[in-house]
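As structure tokens, the structure follows; a few thoughts come after it.
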Amino acid sequence: MERDQLADFLRRRREAIRPAEAGIADGPRRRTTGLRREEVAMLAGMSVDYVVRIEQGRSSRPSPQLLGALARALRLSDDERDHLFHLADHQPPPADGVAGLARAGLIRMLDLLGDTPALVLSDLGEILAQNRTAVLLTGDHTAFSGDRRYVVHRWFTDPAARAVCPPEEREHHARKLVADLRAAAGRRSGDPTVAGLVDRLRAASADFRRLWSEHEVAVRRADRKTFLHPRVGRLLMDCETLVTPDQRQQLLVLTPADTGTRERLDLLRVLGTQEFPTGRAGPPVR
């Protein structure tokens, strides 16, 4: 671990980022260059004391999870993120899997979209990042581990994931999820991550086995779906998906499909964060 170099790199990245790039208002009385340490701590979900200690070269070696949180908070590029991991004597995370991180450019787009719900997903349906409005709409989907980090796995194994979707839309949504996974499996032929996920889903769900056997293939790019929100009710949203050139990450943007939904989404932003039950999130988002 290059403790002094790690401290210097994090301090310089913190000072270089503009508050607006991290979604923080840059008021007229602000004298700090870049972000404050407490702002980095808030964005990364860690204590201010830890941020201070790591910037002063006094911390223990940070875990990959902490490094990933710092990379997201500081909006590091892919190269900067890899450098951060190397300085801490960790291997950089792969492009996908548990340690997958949303690309810096997509994170910036989340910030720019502001009041429009938007999420970054892997090609297997792991939600890697959400903006605040998406969290208000769907709950926080970024903290799941194991197979639960995959939207398709939660859909077929957790009744709560299906219950928030209107009954008349569930078959359509299930087919879309399976067809999209088929397309990813075709692109990543021989990938044990994909094969393992499919095998576990086939073992866990008769519905998944039925749909998988039909061999429907369709990449999800545009759709319309209904969200049943516990505070504001029924929301009809148009879903547009932008895919990175390597097709490994997607930006999903959700816009109101009618006036009533727009008004209820405005109300939701005023009401603030909806607390979903522990260990669960809101409606499925793909």
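What number of residues within segment 24-47 are in a loop (DSSP other than H, G, I, E, B) and either modelled with pLDDT of 85 or more or surrounded by 16 or more Cβ atoms within 10 Å (Cβ to Cβ) (or both)? Here the count works out to 7. In segment 189-246, of all residues being of a type in the set (D, E, K, R) and over 22 Å from Phe156 (Cα atoms), the one that is surrounded by the fewest Cβ atoms within 10 Å (Cβ to Cβ) corresponds to Asp246. In segment 158-177, the condition of being more than 23 Å from Met237 (Cβ to Cβ) and loosely packed, with under 14 Cβ neighbours inside 10 Å is met by no residue.
So, Val178, is that one out of contact with any Lys or Arg (no Cβ under 6 Å at 6 or more places or on another chain), assigned to a helix (DSSP H, G or I) and under 22 Å from Arg221 (Cβ atoms) or not?
yes
Do we have Arg53 as in a loop (DSSP other than H, G, I, E, B), surrounded by fewer than 20 Cβ atoms within 10 Å (Cβ to Cβ), of a type in the set (D, E, K, R) and free of Cβ contacts under 8 Å to residues at least 60 places away in the same chain here?
In short, no.
Criterion first (at pLDDT below 95, more than 20 Å from Ala163 (Cβ to Cβ) and assigned to a helix (DSSP H, G or I)) does Ala183 satisfy it? In short, yes.
Only one of the numbered conditions (1) within 20 Å of the chain's Cα centre (by Cα); (2) farther than 21 Å from Arg149 by Cα is violated by Lys176, and that is (2).
Annotation for segment 98-117: at least one member residue is within 24 Å of Leu265 (Cβ to Cβ), among the basic types (Lys, Arg) and touching a helix residue (DSSP H, G or I) at 6+ places or on another chain (Cβ under 9 Å).
Being surrounded by 13 or more Cβ atoms within 10 Å (Cβ to Cβ) and in contact with an Asp or Glu (Cβ under 8 Å, 6 or more places away or on another chain): is that true of Arg182 here? Break it down into steps so the answer makes sense when it comes.
Numbers: surrounded by 13 or more Cβ atoms within 10 Å (Cβ to Cβ): yes; in contact with an Asp or Glu (Cβ under 8 Å, 6 or more places away or on another chain): yes.
Answer is yes for this residue.
Filtered by the rule that a residue be in a helix (DSSP H, G or I) and free of Cβ contacts under 8 Å to residues at least 60 places away in the same chain, segment 1-17 gives Arg3, Asp4, Ala7, Asp8, Arg11, Arg12, Glu15, Ala16.
The values are calculated or read from the model by the stated rules, or taken from the named source; none is laboratory data. Nothing here was measured: the structure is a model prediction, and the numbers come from that model. Every residue, glycine among them, receives a Cβ derived from its backbone with ideal geometry; neighbour counts consider all protein chains shown.
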